Each structure stands twice: as C-alpha cells, then as structure tokens.
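The values are calculated or read from the model by the stated rules, or taken from the named source; none is laboratory data. Bear in mind that the values here come from a model prediction, so they are computed numbers and not experimental data. Backbone-built Cβ (ideal geometry, glycine too); neighbour counts: all protein chains shown.
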Amino acid sequence: MGGRAAALMLLLAVVLMASVSARAESTAYEVADGLSKTTGFVAFGTPLAMILTGGSSTHRAGRHAADAVVGSGGVCEGLKQVFHEARPNNPLATDGFPSGHTAIAFGLATGVGDQYHEWRVPLYLWAAAVGWSRVELGAHYWHQVLGGAVLGFAVARVSRDSHEGVCQGLFFDEDSPNGFVGLSRRGEVALLSSDTTLWQWKLQF
C-alpha cells in the first residue's frame, strides 16, 4: 500500500499543478505547458516511489513500470532516427515522430495500470492530456502523438509479458537483492609465476 499511497501523492501533485495553471485567466497554451512539464516528474517519479516505498509486490510493479517507461523512451528515440519527421513549430526538425512525451506517459499508464487496475482511468486520462498538450504547444502533429501513445502501450505490454523486460534484465535481476542488475568488478593479485593468490576482491553494486 505504501507504493500506491506514493503514486496517489504524485497524481494529486499533478492535479494541483494543472488546477493552478488552469485558473480563469490562463490560456490553453499555458495549461498545455503545465501538463507537458509534468511528464518526466510523473513518468519517472512514480516507478521510483513504488520501488522505494512499497512492499514486495509494489516494488516489482514499480520495476515493471520503470522498464516500460525507459523502454518506451529508448525505442522512441530510435524511431525518431528512422522517420526524421519535422515538428509543427520547427519545419527543420527531424525528431517529430513519434512523440517522446506521449510514449513515456502511455508507457507508465499501461505499466502501472496492468498491475493496479484502479489506476488505469486516472493515468490514461493524464497520458491523453499530455498528448493533447504536445499538439497544443506545437511540438507535435496528432499522428505523431498517436504514434507515441501506441508505442508506449505496446512497449509496456511487451515488458509485462517478457521475462527480462524490454531493457534486457536491467530491472529484473532476481540474483540481486534489490532486483536490479548487478554490476560486478572482480580482480586478483598473484605471485609472479605462481598459483598462489595474495588478494582477491569483488565489488557488487
């Protein structure tokens, strides 16, 4: 429940930020700018909060969500290098498709929503609002946002159904106490022309 409480606090923070930016004199652009800025905070902060504060099941769900978010962002950046599409506010840009903000937002919504169904509606509403904000800001066309949404959803589902996740075990090393991949450094000092080991070390991170 600790992880769910932390996720609730993050979601409430987003609602508060949106409410403040949506005061009567705010323009749609200002509201969109506020929503867009929540993407990284929520997409990366929610899995981190689940991992740090939750029990074993919430901890694992947080690792799945982190894998979905990081995987969505990585795949998105790769596709940008393939399609080379422009942006509405920058015809010379080549990183328009797909929308990265939308991809990681839907990656989180799907990654967490698949574990906790009660979170699906608020998270998908937030992810859809992020997609709208990218169009309103002139950062993406609608088809680029739709592509990001489909990408985030698909990557999160692949992460859910894969034993090692999209990031090839980065968040799923069961031999490591915290569940993350263990990076080890090994070495030894031996006598010259001898089988005798003087000192051996291993650092585990």
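Data table
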{"item": "Residue check, Ala93 in contact (Cβ under 8 Å) with a residue 24 or more places away in the chain and of a type outside the set (D, E, K, R)", "result": "no"}
{"item": "Subset of the range 134-152 (residues that are surrounded by 21 or more Cβ atoms within 10 Å (Cβ to Cβ) and either modelled with pLDDT under 95 or of a type in the set (A, V, I, L, M, F, W, C) (or both))", "result": "Ala139, Val145, Ala149, Leu151"}
{"item": "Scan of the range 116-128 for residues that are out of contact with any Gly (no Cβ under 8 Å at 6 or more places or on another chain) and crowded, with 19+ Cβ neighbours inside 10 Å, ordered by number", "result": "Trp126"}
{"item": "In the range 76-112, the residues that are buried (at least 21 other Cβ atoms within 10 Å of the Cβ) and of a type in the set (Gly, Ala, Ser)", "result": "Gly96, Ser99, Gly100, Ala103, Ala105, Gly107, Ala109, Gly111"}
{"item": "Residue within the range 97-118 that is touching a residue at least 12 places away in the same chain (Cβ under 8 Å), part of a loop (DSSP other than H, G, I, E, B), among the hydrophobic types (A, V, I, L, M, F, W, C) and over 27 Å from Gly169 (Cβ atoms) present", "result": "yes"}
{"item": "First in the range 67-78 and under 11 Å from Phe44 (Cβ atoms), second anywhere and in a helix (DSSP H, G or I), Cβ under 6 Å, 6 or more apart", "result": "Val69/Ala43; Val69/Ile104; Val69/Gly107; Val69/Leu108; Gly73/Ile104"}
